[in-house]
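The values are calculated or read from the model by the stated rules, or taken from the named source; none is laboratory data. Keep in mind it's a predicted model, so treat the numbers as computed, not measured. Cβ placement follows ideal geometry from the backbone for every residue including glycine, while neighbour counts extend to all protein chains displayed. These accessible areas exclude ligands, DNA and RNA; they are computed on the full protein's heavy atoms, side chains included. Shrake-Rupley method; radii C 1.70, N 1.55, O 1.52, S 1.80 Å.
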Amino acid sequence: MSEPTGRLEAKHVVVTGAGTGIGRAIAQRLAREGARLTLLARNLGRLEETASLLGDTTVNVAACDITDRASVDRCFDEAAANLGPLFGLVANSGIGGPNEPGPADRFDELIATNVTGTYSCLRAAERHLESHDGARHLVVISSI
């Protein structure tokens, strides 16, 4: 991993869905920019793998099912307690794939994760944003 640029030095950013794929790549980029990170996803083992790739970055990992609002609130409360107020959130958790009529219909699961879960993360992050006049960021990435 290259040296941090310092652009986000000491800024606390939460990344959901950070265990694999795009979320992992986002975490790596933010680490290179000097951010302190909280990484959330359902699979703690994958999050720990991501954390191991981040060098000496200050990182907090927690298993979080974004379809469970109480879990989301707890994880964001702990993130702020551990690493301070948030500069930003990258709400990357989501599910995609086919949806079919009948017993294979995944509509409820898709909405619970991609819409309601993302909304819960945004609201939780909003409560923990840094209090100053400068920029703070809430970024949403959609799976479908």
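Using the Cβ-Cβ distance between N82 and I144 with R0 = 35 Å, the FRET efficiency computed as 1/(1 + (r/R0)^6) comes to roughly 0.65.
Annotation: cysteines of the chain without a disulfide-compatible partner (Cβ-Cβ under 4.7 angstrom) are C121. Ligands, DNA and RNA aside, L138 has an accessible area near 80 Å² when probed at 1.4 Å.
Per-residue accessible area (protein heavy atoms, 1.4 Å probe) orders R32, R106 as R32, R106, starting from the largest. Per residue, the chain reaches -10000 deg cm²/dmol at 222 nm when only DSSP H runs of four or more residues are counted, each adding -39500 (n - 2.57). For region 1-66, the share of alpha carbon pairs falling in successive 10 Å distance bins from zero is 27, 57, 15, 0 percent.
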